[in-house]
Amino acid sequence: MARAGRRPGQTETREQIMAAARKLFAERGYEGTTIRAIAAEAGVNPALIHHFFGSKDRVFTESLHLPVNPYAIADVVADGPPEQAGERLLRLFIGVWEGPDSRSPFLALQRSVASSEQAARMMREFLHRVIVDRLGPALGVGELRMTAIGSQLMGVALLRYIVQLEPLASATPEDVIALVAPSIQQHIDAGRQAADT
C-alpha cells in the first residue's frame, strides 16, 4: 500500500512519479492509465500526484518530455546532399524509436491519440512544429507533401513498434530505411521541383 503524505526529497519523488507515468502511458495509453495506477507504480499516495501536477492531463503533458529537439531535426536532415535527405530523416526517426528510453514518450503519445483529444492535439502540434514548420522550409518542400511524409513516418512507427506487424517489426533498422527512405525521398524531390518551377 502506498504511503500517505509527502515523502522525503520532492525532486526525487516527482521523478519517480514521472517515471511511473511514462511507463504506464506507454503501456496502456492515456485512457487506460489512472492517477491511482501511477501512484501505485510510483509507491506514493494519489494525493501527492494531485499536489505536484493537479490533474491527469498535466501528468500526461509533463510525462511527454520528448527526447528530441525539433530544431535539431531540421538541421540534421537539411545538412547534406538533398538527394539523401529522406534517408537522413528516416534514420533519425528510426534511431529515436529504437532507443528504449527515447521510445517511451512516443509510445505513450501514439497509443493515446485515438482516445484522447489532448493527445491528438499534442501529436498534431509536435508533428506540425517539427515536420511542417521547421523541416519543410529547410528542405524547400510545401506543407501538403511534408504532411504526407509525416504520415509515412507515423505509419512506420504504428506498424513496427505498436502493432508489431511482421515482418516489419523484426526487420533490421537498415532494412526499414532501405525500404521506406526512397518513398520519402520521392516526396522531397517532387516538392523541391515544384518549388523550383
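The values are calculated or read from the model by the stated rules, or taken from the named source; none is laboratory data. If you're wondering where the values come from, they're calculated on a predicted model, not measured in any experiment. With ideal geometry, Cβ positions are generated from the backbone for all residues, glycine too; neighbour counts draw on all protein chains shown.
Out of Glu125, Glu62, one residue alone is surrounded by fewer than 19 Cβ atoms within 10 Å (Cβ to Cβ), charged (D, E, K, R), under 27 Å from Ser183 (Cβ atoms) and modelled with pLDDT under 85. It is Glu125. Sub-6 Å Cβ pairs linking a first residue in the range 166-178 that is outside the structural domain of Gly155 (by TED's automatic domain parsing) and closer than 17 Å to Glu87 by Cα to a second residue that is β-branched (Val, Ile, Thr) and not in a loop (DSSP other than H, G, I, E, B), at least 6 apart or interchain, number zero.
Of the residues making up the range 70-92, none is within 12 Å of the chain's Cα centre (by Cα), crowded, with 20+ Cβ neighbours inside 10 Å, at pLDDT 90 or above and in the same structural domain as Val180 (by TED's automatic domain parsing).
The set of residues in the range 117-145 being of a type in the set (Gly, Ala, Ser) and more than 23 Å from Gly29 (Cα to Cα) consists of Gly136, Ala138, Gly140, Gly142.
Applying the criterion of being charged (D, E, K, R) and loosely packed, with under 14 Cβ neighbours inside 10 Å to the residues of the range 128-175, the residue that is farthest from Val76 (Cα to Cα) is Glu166. Assess whether Ser104 counts as being in a helix (DSSP H, G or I) and in contact (Cβ under 8 Å) with a residue 60 or more places away in the chain. Answer is yes for this residue.
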